[in-house]
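Chemist: This is the structure, below, for whatever I ask next.
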There are 2 protein chains.
Amino acid sequence: MPVENTGFSDLLWQLAFQVRSRCQRAVAESGFTLYGMHVRLLHLIAAEPFCRAQTLVETSGRDKAQIARLLKDLQAQGLLTRAPHPEDGRSRVITLTAEGNELLATVRAAEQAVESEFLAKLSEREVETFVRLGRKMLAP
Amino acid sequence: MPVENTGFSDLLWQLAFQVRSRCQRAVAESGFTLYGMHVRLLHLIAAEPFCRAQTLVETSGRDKAQIARLLKDLQAQGLLTRAPHPEDGRSRVITLTAEGNELLATVRAAEQAVESEFLAKLSEREVETFVRLGRKMLAP
DNA sequence: TTTTATGGTTGATAAAGTCAACAATATGTC
DNA sequence: GACATATTGTTGACTTTATCAACCATAAAA
């Protein structure tokens, strides 16, 4: 039995787009020519040491073709390295370079400034609730 | 002063993509060859009688070029009509056709089935809280 | 009346996304 | 060990979403 119209999808569609485009504009204004997806991947790699492409595919839910291309771009920009995986000859371990880490720190600052514009309208407790409920929906 | 890392952007990015791609797959499996953005626009038009392109641009935050193209598509598919605006010679009033309304009702059912998969993990109260907090962030 | 602003259309292009094909490697079966 | 099947990652090819620019018609301001 489908739920009543909660406005959930509409809300998510709107909020996600607003946050996303605002963040991307802020990153661009900081002088970086990274795609939004490049930034998201940098975040994921930083959050998950010893990851490989397959890890990112699973975590992000994105298509492996897209992930492979983005990784290739980021490696070309010197932001990450890929070393043979010790246990799987088909994979490589992905690591951020010092440059990659530095850039990510700067990008994070820009993104957090944008985030705070949205979150300023909520109490700390409300923010925590929103994130917790969202994560609950994402849990397997 | 930027907020601490709340995980907000990450969550939003993940959740929005998951919901979006699931919904789009469900709509496609219902036999419709509509883009995701077509569907979103149909929702917006249905929700706002007497709207025009500019209305949709403002409500959605999308670029007017994109909105114009999507409207053109939907009109070509017989899902909406555009009549001269009584007060503004540059605009047209957008109205869903009977076919458009019918299609939207069907699409809504498919989307709500998907929605309920995500929302089933929350109580009704939690759903309402999530949506309320989200809307609070979007308020001007 | 003239100038400036706005709404909508189209051109052109970029970013995000998806499915397919294939080579290399891993795993399972006998 | 040999062979069949599955998985991982790369690239080709294409679609969908998104953005900026240019322009015309109309509206609003000066």
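Nothing in this text is a laboratory measurement; each read-out follows from the coordinates by a stated rule. Here the structure is a predicted model, which means the values were calculated and not measured. All Cβ positions, glycine included, derive from the backbone under ideal geometry; neighbour counts span all protein chains shown.
Chemist: Quick one: 3J(HN,Hα) in Hz for the stretch A:25-33, Karplus 6.51/-1.76/1.60 with θ = phi - 60°, rounded, Gly and Pro as x.
Modeler: Computed from phi, the couplings for the stretch A:25-33 are 5, 5, 5, 4, 5, 7, x, 9, 9 Hz.
Chemist: Could you tell me which of rounded, prolate or oblate describes the stretch A:1-55, using a ≥ b ≥ c as the square roots of the eigenvalues of the alpha-carbon gyration tensor, with rounded for a/c under 1.5 and, failing that, prolate when a/b is larger than b/c and oblate otherwise? Present the calculation step by step, with values, prior to reporting the outcome.
Modeler: Values: a/c = 4.27, a/b = 1.44, b/c = 2.95.
Here the stretch A:1-55 falls in the oblate category.
Chemist: For the pair B:A65 and A:R135, what calculated FRET efficiency results from E = 1/(1 + (r/R0)^6), where r is the Cβ-Cβ distance and R0 = 45 Å, to the nearest 0.05?
Modeler: 0.80
Chemist: Taking amide H positions as placed in the peptide plane 1.01 Å from N, state which residues far from B:T97 in sequence (5 or more) or on other chains have amide H under 5 Å from it.
Modeler: Counting only residues 5 or more places away or on other chains, the set is B:L80, B:T81.
Chemist: Here is a follow-up. Please state the charge dipole magnitude for the stretch B:10-138, taken about the Cα centre, from unit charges on C-beta atoms (+1 on K and R, -1 on D and E), reported in debye and rounded to the nearest 20.
Modeler: Approximately 340 debye in magnitude.
Chemist: Here is a follow-up. If amide H atoms are built 1.01 Å from N in the plane of the peptide, which residues on other chains or at least 5 residues away come under 5 Å of the amide H of B:R62?
Modeler: none
Chemist: Moving to a separate point now. Placing unit charges on C-beta atoms (Lys and Arg positive, Asp and Glu negative, everything else neutral), compute the dipole magnitude of the protein assembly as shown about its Cα centre in debye, rounded to 20.
Modeler: 520 debye
Chemist: Would you mind calculating the relative contact order of the stretch B:43-125 from Cα pairs under 8 angstrom and at least 6 residues apart, reporting the percent as a whole number?
Modeler: Normalised by residue count, the contact order of the stretch B:43-125 is 28 percent.
Chemist: Explain nothing, just compute: Karplus ³J(HN,Hα) = 6.51 cos²θ - 1.76 cosθ + 1.60, θ = phi - 60°, for every residue of the stretch A:15-23 in order, whole Hz, x for Gly and Pro.
Modeler: So the Karplus estimates, Gly and Pro as x, are 4, 4, 5, 4, 4, 4, 6, 5, 4 Hz.
Chemist: Would you mind counting up the charge near A:V27? Only other residues with Cβ under 12 Å from its Cβ, with Lys and Arg at +1 and Asp and Glu at -1.
Modeler: So the environment of A:V27 carries a net charge of +3.
Chemist: Each residue of the stretch B:103-113 in turn: what ³J(HN,Hα) in whole Hz from Karplus with 6.51, -1.76, 1.60 and θ = phi - 60°, glycine and Pro shown as x?
Modeler: Once θ is set to phi - 60°, the couplings for the stretch B:103-113 become 4, 5, 4, 5, 4, 4, 5, 4, 5, 5, 5 Hz.
Chemist: For chain B, what's the relative contact order in percent, using C-alpha pairs closer than 8 Å and at least 6 residues apart?
Modeler: Dividing the mean separation by the residue count of chain B yields 25 percent.
Chemist: DSSP loop (so not H, G, I, E, B), at most 15 other Cβ within 10 Å: list which GluC sites (Glu not before Pro) in the stretch A:84-120 pass both filters.
Modeler: Qualifying residues, ordered by number: A:E87.
Chemist: Convert 25 °C to kelvin, take the viscosity as 0.890 mPa s, use the Kirkwood radius over C-alpha pairs of chain B as Rh, and evaluate the Stokes-Einstein diffusion coefficient in µm²/s, rounded to a whole number.
Modeler: It comes out at roughly 145 µm²/s.
Chemist: While we're on this one: Rounding to the nearest 10 and keeping the result within 0 to 90°, find how far the Cα-based axis of helix B:64-76 lies from the longest principal axis of chain B.
Modeler: Result, in degrees: 60.
Chemist: Divide by every residue of the protein assembly as shown the summed helix terms, -39500 (n - 2.57) for each DSSP H run of at least 4, and state the resulting mean residue ellipticity at 222 nm, rounded to the nearest 500 deg cm²/dmol.
Modeler: About -21500 deg cm²/dmol.
Chemist: Give the longest segment of chain A that steers clear of trypsin sites (Lys or Arg not before Pro) in DSSP loops with at most 16 neighbouring Cβ atoms within 10 Å, not counting the sites themselves.
Modeler: A:1-89
Chemist: Please list, in chain and number order, the residues 5+ apart from B:C51 or on another chain whose amide H is under 5 Å from its amide H, with Hs placed from the backbone.
Modeler: B:I94
Chemist: B:R25 to B:A98: FRET efficiency via 1/(1 + (r/R0)^6), r the Cβ-Cβ distance, R0 35 Å, to the nearest 0.05?
Modeler: Efficiency, rounded to the nearest 0.05: 0.85.
Chemist: Moving on to the next point. Give the angle, between 0 and 90 degrees and rounded to the nearest 10, that separates the Cα long axis of helix A:124-138 from the longest principal axis of the Cα atoms of chain A.
Modeler: 70 degrees
Chemist: Over the whole of A:125-133, what's the average partner chain Cβ count within 10 Å per residue? Rounded to a whole number, please.
Modeler: Counting Cβ atoms of other protein chains within 10 Å of each residue's Cβ and averaging gives 6.
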